[in-house]
Amino acid sequence: MSHPVAEERPAAHGDALNVVRAAIAEAAGPESAAQRVVDLLRDRFPPYDWVGVYWVDGGDLVLGPWNGPQATEHTRIAIGTGICGAAAASGRTEIVPDVNADPRYLACFASTRSEIVVPIFDGGEVVGEVDVDGSDLDAFDATDARFLEEIAALLAPLRPRS
Ligand code: SME
């Protein structure tokens, strides 16, 4: 199997971006649009075992739409706590190849072996993030990061506003 070079976007990611854009355009509102995005990611990418969006609410991340085999008990996470909180605090994508080797990890599912968390920005500020858990070790790489960063840009306008 050949590995894509850094600048290449796998065809599956390009296709998915088009489908996601269309789904957002057709959705009845921001909440259903964001739900469609997580549903599409989970359906189209089998290694994406659990997909969720957290939105920033003050000093916390609050779980928004998600799709996966089980609900997580971590529906509110303080910024700075866990892998999710670390990505929100730094504004940097976190790729964790082995969650059991990362002391920051907040366990949700016994099956999770790796995780990627991608911040969602609006106007230079972190307003949320996309969290994907995988059941395989080392399930996510830089191509997933770039893809999910594009997804994050599509999610930014869908954030709940008070
Ligand atoms: N594992 C995350 C918590 C969220 S669950 O994966 C859904 C973390 O370490 O922040």
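Say whether the condition of being assigned to a loop (DSSP other than H, G, I, E, B) and among the polar types (S, T, N, Q) is met by at least one residue in region 99-119. Yes - at least one qualifying residue is present in region 99-119. Under the condition of being surrounded by 14 or more Cβ atoms within 10 Å (Cβ to Cβ) and within 20 Å of Ala152 (Cβ to Cβ), the residues counted in region 109-140 number 20.
One line per residue, one yes/no per condition, for (1) out of contact with any Pro (no Cβ under 9 Å at 6 or more places or on another chain); (2) closer than 17 Å to Val37 by Cα:
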{"residue": "Tyr54", "(1), (2)": "yes, yes"}
{"residue": "Leu63", "(1), (2)": "yes, yes"}
{"residue": "Gly68", "(1), (2)": "yes, yes"}
{"residue": "Thr75", "(1), (2)": "yes, no"}
{"residue": "Ala78", "(1), (2)": "yes, no"}
{"residue": "Asp102", "(1), (2)": "yes, no"}
{"residue": "Leu106", "(1), (2)": "yes, no"}
{"residue": "Ala110", "(1), (2)": "yes, no"}
{"residue": "Glu129", "(1), (2)": "no, yes"}
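With respect to (1) part of a strand (DSSP E or B); (2) within 11 Å of the ligand (Cβ to nearest atom); (3) touching a helix residue (DSSP H, G or I) at 6+ places or on another chain (Cβ under 8 Å), the lone exception for Leu63 is condition (3).
All conditions but one from (1) within 12 Å of the ligand (Cβ to nearest atom); (2) surrounded by fewer than 20 Cβ atoms within 10 Å (Cβ to Cβ); (3) not acidic (Asp, Glu) apply to Pro10; the one that does not is (1). Residues in region 80-98 that are touching a residue at least 24 places away in the same chain (Cβ under 8 Å) and assigned to a loop (DSSP other than H, G, I, E, B): Thr81, Gly91, Arg92, Thr93, Pro97, Asp98. Counting the residues of region 134-162 that are more than 12 Å from the chain's Cα centre (by Cα) and within 21 Å of Pro46 (Cβ to Cβ) gives 8.
Filtering region 73-98 to residues that are within 7 Å of the ligand (Cβ to nearest atom) and surrounded by 19 or more Cβ atoms within 10 Å (Cβ to Cβ) leaves Ile77, Gly82, Ile83, Cys84, Gly85.
Every read-out reported here was derived from the displayed coordinates using simple, explicitly stated rules and does not represent laboratory data. What you see is a predicted model, and the numbers here were worked out from it, not measured in a lab. Quick reminder, even Gly has a Cβ in these numbers, built from the backbone with ideal geometry, and neighbours come from all protein chains shown.
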